[in-house]
1. Would you call residue 58 touching a residue at least 24 places away in the same chain (Cβ under 8 Å) and surrounded by 11 or more Cβ atoms within 10 Å (Cβ to Cβ)?
2. Can you report the number of residues in segment 17-38 which are under 14 Å from residue 108 (Cβ atoms) and either free of Cβ contacts under 8 Å to residues at least 24 places away in the same chain or part of a loop (DSSP other than H, G, I, E, B) (or both)?
3. Please work out which one of (1) exposed (fewer than 12 other Cβ atoms within 10 Å of the Cβ); (2) in contact with a helix residue (DSSP H, G or I) (Cβ under 8 Å, 6 or more places away or on another chain); (3) farther than 17 Å from residue 90 by Cα is the condition residue 71 fails and give its number.
4. Scanning for something under 16 Å from the mean Cα position of the chain (by Cα) and part of a helix (DSSP H, G or I), does segment 68-87 turn up at least one residue?
5. For segment 36-49, which residues satisfy the criterion of being within 15 Å of residue 101 (Cα to Cα) and either at pLDDT below 95 or surrounded by fewer than 17 Cβ atoms within 10 Å (Cβ to Cβ) (or both)?
């Protein structure tokens with residue numbers, strides 16, 4: 001029985017995926033990335049809202065800035081807020097790397113697969 005993988009990429013012996021199928025694959029990866037970033041953003045907003053008593057728009061701005069790797073707009077004031085901001089910043093750095101990997105994986109696979117076909 002063949003080994004099953006999470007994502008069924010084409011093997012070395014299979015032809016290159018059509019452009020339409022590749023676009024669908026990329027859309028799926030972009031969708032998964034968007035969902036992951038959205039959930040992370042909402043989690044950050046709730047953390048800033050309830051631990052730092054920020055308004056929703058300020059919580060959104062701070063969470064979005066940390067999630068994008070830029071840093072917070074407003075300094076945190078409470079001990080709980082500082083602990084949350086530190087953990088959220090570490091988490092955001094890992095999410096940034098994970099999303100970059102999710103988006104680049106199909107592209108790199110396609111380039112390497114094309115290289116092996118020639």
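The values are calculated or read from the model by the stated rules, or taken from the named source; none is laboratory data. Keep in mind the model is a prediction, meaning the values are calculated, not measured. Please note: Cβ atoms are built from the backbone with ideal geometry, for glycine as well, and neighbour counts cover all protein chains shown.
1. Details: touching a residue at least 24 places away in the same chain (Cβ under 8 Å): no; surrounded by 11 or more Cβ atoms within 10 Å (Cβ to Cβ): yes.
It is false that residue 58 is touching a residue at least 24 places away in the same chain (Cβ under 8 Å) and surrounded by 11 or more Cβ atoms within 10 Å (Cβ to Cβ).
2. First, the residues of segment 17-38 that are under 14 Å from residue 108 (Cβ atoms): 17, 22, 25-26, 29.
From what's left, either free of Cβ contacts under 8 Å to residues at least 24 places away in the same chain or part of a loop (DSSP other than H, G, I, E, B) (or both): 17.
Looking only at that region, the number is 1.
3. Tallying (1) exposed (fewer than 12 other Cβ atoms within 10 Å of the Cβ); (2) in contact with a helix residue (DSSP H, G or I) (Cβ under 8 Å, 6 or more places away or on another chain); (3) farther than 17 Å from residue 90 by Cα, residue 71 fails exactly one: (3).
4. Quick first cut of segment 68-87, residues under 16 Å from the mean Cα position of the chain (by Cα) only: 68-70.
Those left that are additionally part of a helix (DSSP H, G or I): none.
Among the residues of segment 68-87, not one is under 16 Å from the mean Cα position of the chain (by Cα) and part of a helix (DSSP H, G or I), which makes the answer no.
5. Restricting attention to segment 36-49, the residues satisfying the condition of being within 15 Å of residue 101 (Cα to Cα) are 36-37.
Residue satisfying the conditions is 36 alone.
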